[in-house]
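Worksheet: the structure to be examined is printed underneath.
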Amino acid sequence: MVKEFLSHHNVEFTQYNVAENAEARDEMIEKYDSMSTPTIIIGDQVLTGFDPDRLTRILNLA
């Protein structure tokens with residue numbers, strides 16, 4: 001859902017598969033204190049879960 005949302009709004013993003021990429025998984029856990037997906041990093045903000053309203057505000061998509 002997040003990928004579709006961001007693509008729909010023409011927002012570039014990088015996706016990491018934490019099930020297959022141990023380095024990305026370790027970074028998500030250690031640096032962002034998250035063990036859930038999706039974990040979305042925008043600047044210094046960390047969002048866990050898909051919250052389209054919050055994404056719209058943070059990305060100024062209104």
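Every read-out reported here was derived from the displayed coordinates using simple, explicitly stated rules and does not represent laboratory data. Just so it is clear, the structure is predicted and the values come from calculations on it, not from any experiment. Heads up, the Cβs are rebuilt from the backbone with ideal geometry, glycines too, and the neighbour counts pull from every protein chain shown.
Run down Met35, Met28, Met1 and say which single residue is in contact with a Phe, Trp or Tyr (Cβ under 6 Å, 6 or more places away or on another chain) and not small (Gly, Ala, Ser).
Met1
If a residue has to be within 12 Å of the chain's Cα centre (by Cα) and assigned to a loop (DSSP other than H, G, I, E, B) to count, how many in segment 19-43 make the cut?
Final tally of qualifying residues: 5.
I'd like the residue in segment 11-35 that is surrounded by 10 or more Cβ atoms within 10 Å (Cβ to Cβ) and hydrophobic (A, V, I, L, M, F, W, C) and, out of all such residues, is nearest to Leu59 (Cα to Cα).
Ranking the qualifying residues of segment 11-35, first place goes to Val11.
Limited to segment 21-43, what total is found for residues that are under 17 Å from Val11 (Cα atoms) and free of Cβ contacts under 8 Å to residues at least 24 places away in the same chain?
4
When you go through Phe5, Phe50 one by one, which is the residue that is in a loop (DSSP other than H, G, I, E, B) and at negative phi?
After ruling out the rest, the residue left standing is Phe50.
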